[in-house]
Amino acid sequence: MFSILQAAGWPIWPLVACSVLAMALIIERFISLQTLKVAPPRLLDEVLTVTRLSVPGPDVVSKLEKNSALGEVLAAGLRALNTNPLCNQDELRAGMEASGRLVAHRLERYLSALATIASVAPLMGLFGTVVGMIEIFGSQPGGANMGGNPAQLAHGISVALYNTAFGLIVAIPSLIFWRYFRARVDEYLLTLELSAERLARHLYTLRK
């Protein structure tokens, strides 16, 4: 593998750095976007059950907030009621929406970086290709003798082809995982929005 990197020349090293960064981002997103960390399936039902009789106290709300991203959004609504028991439905929704925006920002973290790598990697591979072509033409002597240096010619071709291939190898998985994480985040955000709306209607009905 190292011999291939040497044959590809110095333009390959920025691509190697991009590949390492992309792998780190993909692993981090897989860990951070686990369902239990974002939207546990039964959490909303448990919160609705607990709030049928009364609004939980600050200690229970704090535990709920630390449970998951969904728990943080739901806790914002319960905390609004603890702070002001007479708050209306719009104020209740506003508190959960503000918390939801913070959660959405965290869920979308690093996705733009992964998308940037997917876009830039082919261009970096193209840059390596151009460098290889320059070496190819630079190896051709002027004048009547146009035989050139075969070793230099082969090196220029290897630089061009290796960089093109490696740029695609980095870009294609990055783009696939970016689309996957983007769809997963959108699904989570929809779940958070619907859950917050359901809790708001539930709490408003209880106070009527």
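The values are calculated or read from the model by the stated rules, or taken from the named source; none is laboratory data. This one's a predicted model, so the numbers in the text were calculated from it and none came from an experiment. Cβ: placed from backbone, ideal geometry, glycine included. Neighbour counts: every protein chain shown.
Please list, ordered by first then second residue, the pairs with beta carbon atoms under 8 Å, 6 or more apart or interchain, first in segment 27-41 and part of a helix (DSSP H, G or I), second at pLDDT below 95 and hydroxyl-bearing (S, T, Y).
Going by the 8 Å Cβ cut-off, the qualifying pairs are E28/Y110; R29/Y110; L36/S68; K37/S68; V38/S68.
Going through segment 42-60 one residue at a time, which ones are in contact (Cβ under 8 Å) with a residue 60 or more places away in the chain and loosely packed, with under 13 Cβ neighbours inside 10 Å?
R52
With respect to F177, is the statement that it is part of a helix (DSSP H, G or I), over 30 Å from G77 (Cα atoms) and modelled with pLDDT of 85 or more true?
yes
Yes/no per residue for (1) in contact with a Gly (Cβ under 9 Å, 6 or more places away or on another chain); (2) of a type outside the set (A, V, I, L, M, F, W, C):
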| residue | (1), (2) |
| --- | --- |
| G100 | no, yes |
| R109 | no, yes |
| A113 | no, no |
| G125 | yes, yes |
| V130 | no, no |
| M133 | yes, no |
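Contact list please: Cβ distance under 7 Å, first residue in segment 75-94 and modelled with pLDDT of 85 or more, second residue of a type in the set (V, I, T) and not in a loop (DSSP other than H, G, I, E, B), pairs at least six apart or on different chains.
A75/V61; L78/V61; R79/V61
Yes or no: V50 over 15 Å from R184 (Cα atoms) and under 31 Å from the mean Cα position of the chain (by Cα)?
So V50 does not fit the description; no.
Determine if segment 73-92 includes at least one residue that is crowded, with 19+ Cβ neighbours inside 10 Å, in contact with a helix residue (DSSP H, G or I) (Cβ under 6 Å, 6 or more places away or on another chain) and outside any helix (DSSP H, G or I).
No: zero hits.
Name every residue in segment 59-104 that is over 21 Å from the mean Cα position of the chain (by Cα) and either charged (D, E, K, R) or at positive phi (or both), in order of residue number.
Of everything in segment 59-104, those that are over 21 Å from the mean Cα position of the chain (by Cα) and either charged (D, E, K, R) or at positive phi (or both) turn out to be D59, K63, E65, K66, R79, D90, E91, R93, E97.
Would you check which residues across segment 14-33 are of a type in the set (G, A, S) and either touching a Pro at 6+ places or on another chain (Cβ under 9 Å) or closer than 24 Å to Y162 by Cβ (or both) and list them?
A17, S19, A22, A24
What are the residue pairs meeting all of these: first residue in segment 174-186, first residue surrounded by 13 or more Cβ atoms within 10 Å (Cβ to Cβ), second residue of a type in the set (A, V, I, L, M) and not in a helix (DSSP H, G or I), Cβ atoms under 8 Å, and 6 or more apart or on different chains?
Hits for this filter: F181/L33; R184/L33; V185/L33.
Residue by residue through segment 60-91, note down the ones that are over 21 Å from V38 (Cα atoms) and not polar (S, T, N, Q).
Residues satisfying the conditions are A80, L81, P85, L86, C87, D90, E91.
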